[in-house]
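**Q** Below is a structure I'd like to ask you about.
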């Protein structure tokens, strides 16, 4: 019986560690092979605090200490590791896992190879129970072990609540967007690296707390407890239960321990296998289980549960969104009138090839400019330069009076420049309405601290944003798909969502890269109406790259024709498209009949 | 003792270690560049060859002359079976890199633990006699260590010859360099993968046998070589097949030079710190050459 | 007919990219395929070489049905490709690259030796760089190598994916002259995907326009140029 309580207690503790893993791997999509290290740092920190630094009765502080030190460890590893690409993060965390044990053995204050023993039991102020302590509740008598189990289970509940708050918050939504496509997140003004670092610290902290719980449960920590096989066990629990679901993470922990204990029972009692063999077979077992799950059902038992956001009850007429704000740092009047974004003499070379030789433009509120030209003329490269996705080799560009060349994409976006992508790039595993929300600017809930410190403000802002998002979806005809994942949409609906998303960001200037390409000509009018509304009703500066001359004639106030990296000519659509000399040059030496 | 006299033994040992690491690094690099996965499952092949040698010599009483080729062949077989029975299924369904890495680690750990369960985890030696040694460059190297250097050089040369001058070898180079184009010239990628796993298995076996001849066989002998191989790849880079080999030699030298300068217990930490520093400062490796690492998503 | 494609339907994922493409190509002719991004040009290239399995339809090379079967079987039937990017084996030498180009004919040493001689005649620069690693060469030289590799297996059909993209005007002329030699002098059937409308109309004797996975024009370049401006600009 005592053995069973012991197993359940350990399960509760490991479940907390798996919650932390879920935040890092499932929510944020970070490929992380060193989770036992965070657990170990927390365990050692808790042990050292309780044995050497804290007076008796300060168990909760030791748990917090475990969380803080594990988060610090994550910061140390994560900050340089996240600068590099995804798989390097995986290798760094793997290296960290393999080195951790060696490190711990070499330090004196961690007790070296012998570890730390005689760690105090759980306590709270004056309540410092000994091993034989018991609580009499009427007919029932609860021993220390049972109370400890209740305490640990309470911690599991607390961790579940905490992680749920994170997963279901705007912050959780941001993290998931980073998981899906972090470049697009940057295009909407958010710093993806900082987001990843923050979730890594939170996940590590939760895990470190679990480690400290373990130290106070087992009363001994040693280097051999935090090796690769523990990481693999935690990973197996996470993947078995479902890495994209917090319930899955919890169930996975319980299920895996259940399976392993059943195996131990069968081996010990059924087959009479000696004890040292059993341990090896258990470890072999969860490795095999992991491979089997990955082969059969790699998203585990519980799939990701996407939020269903309700339509706000009072059906107001869809309000026109507020006109786009003027970029904060521009003066009211510039030489160029109400020019929002100007650029001149932009240059970009790739190796020996000149993509952009000299390009410039001037975007004004309420006006639509179209850039046309054959593929390879440099149009998308200009957009990439203006939105911060490429660096320029020369030239200037300004939003109002602020120079934007050399700035990060997220910074430029925050100055009021938003863009769409040629290959659409919506966040597939966010719902349609979440795609809108993740682009909406004012979200206090995207900061984890504010999430817990000012929940009222977060809830109010979220409610307002949700209401606006619904209106936006109705404006774009996507309201009935609001709670569907983005991947459910057809190609044309995705292009429509991209337009909705870019306007949800409320930018002063919009760069639309082939917004109508691949759309059925019969559905084109709706797109044209929306783009025209961006300029005329929302008073934004709109610039589009287009191949469809019919669209250009319909929408554009001004046309820029690019060829071989240069703006060759510009003018009204009638002027540029009716220019026969230009057309001949464009089409080659063959005779061109007068069109 | 002059500086060079006291330094030479460590250089010699460092070179010997480096060459041994370079074989497992080469095997891992072959699979990484060609198939596109980081295969820690190679540790299983290492263990298989080590225990096969043990089994053939101690268990069946065969001489080394038969046991060694037998064990090597067994290693190739294990490598091919792991590819065919486990990895290929995942690859065909387009499993991402992380899943493949997990599968590799899981296979390795499962086999390690099954061996630990089946055979006792104590250390066994298949060479009981004290090995004769020679004075080389101021240090005493025994036959096993010399054999390790010789075998490593021979294996490296063999793999180089195979890849540069034989048909199947050239398909490995082609797929490693540019998989799409390899298919475009009519190479069967699946067959190239089989050759890759076969060669990798042979090379890992060639590294394992001299290693465990000296240090003994137990279920945990493969972890260190696998990690050092990964470290060598990180340090050297993966633009071609020479870089990881150079990285391995550098790592071996760094290891033993660390011993020369620092107390023994810090040796591993410093060497691994070197690895992490490279990852942060120059992730493409020191001898990158061409920055063309084929990878799955 | 060297190449005959009938009702080809294929794609990635669940939606098809090519919706029933049909055309033929004879020896000695140069067909330029135009269309803007996403129209299906690169999918067509991959489908022809066997990198993208056909969902429906037929592909015949020299009268033989090659629709089913792996890419190595397809290449053996007499088709070769030169990709637009990542078009060579970078760490291998020019010599090794050319040898790999003739992979499917490796057993026939005499043929391979003859082809090698021919390719080096066509591209003397490759002879100069024979032992150099491919990644050390300039973009134009790599393009030459890539086209040379495509000739090594003595194919009936050569597929060129944007042969002039990213090249200087001088290099572009040289490449197109070479393509003309391949087509007339060697009597190959050449299919060329081109982004640059000007180049395509100047050099091809037949032009095909792809739009959202279907052929919207298939005929002589003059006819395309004198067609309505709308169609011409819709690429």
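Just so you know, all these numbers are worked out from the coordinates, no wet-lab data involved. Please read all numbers here as calculations on a predicted model, not as lab measurements. Here the Cβ positions follow ideal geometry from the backbone for every residue, glycine too, while neighbour counts run over all protein chains shown.
**Q** Which order do B:220, C:174, A:44 fall in if you start with the one that has the fewest other Cβ atoms within 10 Å?
**A** The order, fewest Cβ neighbours first, is B:220, C:174, A:44.
**Q** Output the Kirkwood hydrodynamic radius of segment C:61-111, Cα pairs only, in Å rounded to one decimal.
**A** Kirkwood radius, segment C:61-111: 12.7 Å.
**Q** Where does helix A:2-21 land angle-wise versus the long Cα axis of chain A, in degrees 0 to 90, nearest 10?
**A** So the helix axis and the longest Cα principal axis differ by about 20 degrees.
**Q** Residue B:161 versus residue A:422, label points 7 Å from Cα toward the beta carbon: distance in nm?
**A** So the two model labels end up 5.0 nm from each other.
**Q** How do the peptides A:282-288, A:443-449, A:3-9 rank, highest first, by the average count of neighbouring beta carbon atoms within 10 Å per residue?
**A** A:282-288, A:443-449, A:3-9
**Q** With a ≥ b ≥ c the root eigenvalues of the C-alpha gyration tensor of chain B, is it rounded (a/c under 1.5), prolate (a/b larger than b/c) or oblate?
**A** Judged from the Cα gyration tensor, chain B comes out oblate (a/c at least 1.5, b/c at or above a/b).
**Q** Measure nothing fancy, just the Cα-based angle from helix A:455-475's long axis to the longest principal axis of chain A, in degrees from 0 to 90, nearest 10.
**A** 40 degrees
**Q** Calculate how steeply helix A:144-167 sits against the longest principal axis of the alpha-carbon atoms of chain A, using the helix alpha-carbon long axis, and give the answer as 0 to 90 degrees to the nearest 10.
**A** With rounding to tens, the tilt is 0 degrees.
**Q** Work out the mean other chain Cβ neighbour count within 10 Å for the residues of C:37-44 and drop it here as an integer.
**A** 2
**Q** For chain A, what is the relative contact order in percent, using Cα pairs closer than 8 Å and at least 6 residues apart in sequence?
**A** Contact order relative to length: 16 percent.
**Q** Kindly rank C:48-60, A:57-69 from highest to lowest mean number of other beta carbons found within 10 Å of each residue.
**A** A:57-69, C:48-60
**Q** Exposure proxy check: A:356, B:217 ranked by fewest other beta carbons within 10 Å?
**A** B:217, A:356
**Q** How crowded by other chains is A:285-292, given as the mean number of beta carbons from other chains within 10 Å of each beta carbon?
**A** That average works out to 6.
**Q** Can I ask one more? From zero outward in steps of 10 Å, how is the percent of C-alpha pairs of segment A:194-301 spread across the bins?
**A** Once binned at 10 Å, the Cα pair distances of segment A:194-301 give 13, 36, 38, 11, 2, 0.
**Q** Now a separate question. How high is the relative contact order of segment A:58-133? Use alpha-carbon pairs under 8 Å, at least six apart in sequence, and give a whole percent.
**A** Dividing the mean separation by the residue count of segment A:58-133 yields 33 percent.
**Q** What ranking do C:13-26, B:234-247, B:36-49 get when scored by the average of other Cβ atoms within 10 Å per residue, highest first?
**A** Top to bottom by mean Cβ count within 10 Å: B:36-49, B:234-247, C:13-26.
**Q** Label the protein assembly as shown by shape, choosing from rounded, prolate and oblate, from the square roots a ≥ b ≥ c of the eigenvalues of the Cα gyration tensor; if a/c is under 1.5 it is rounded, and otherwise prolate applies when a/b is larger than b/c, oblate when it is not.
**A** It is oblate, given that a/c is not under 1.5 and a/b is not larger than b/c.
**Q** Sticking with this one: Averaged across C:87-94, how many Cβ atoms of other chains sit within 10 Å of each residue's Cβ atom?
**A** Taking all residues of C:87-94 together, the mean is 6.
**Q** Can you pull the one-decimal nm distance between simple spin-label points at residue C:216 and residue B:124, each 7 Å off the Cα toward Cβ?
**A** Calculated label separation equals 7.3 nm.
**Q** What is the fewest-to-most order of A:254, B:143 by other Cβ atoms lying within 10 Å of their Cβ?
**A** The order, fewest Cβ neighbours first, is B:143, A:254.
**Q** Here's a follow-up. What share of all Cα pairs of segment A:1-131, in percent, falls into each consecutive 5 Å distance bin?
**A** That works out to 2, 9, 15, 20, 19, 15, 10, 5, 2, 1, 0, in percent per bin.
**Q** Roughly speaking, what is the stretch gain from residue A:261 to residue A:153, that is 0.36 nm per residue apart minus the C-alpha to C-alpha distance, in nm to one decimal?
**A** 37.0 nm
**Q** With each pseudo-label sitting 7 Å past Cα toward Cβ, what's the residue A:483-residue A:107 distance in nm, one decimal?
**A** About 4.8 nm, to one decimal.
**Q** Then there is this: How would segment B:51-121 be classified by its alpha-carbon gyration tensor: rounded, prolate or oblate, with rounded meaning a/c under 1.5 and the a/b versus b/c comparison settling the rest?
**A** oblate
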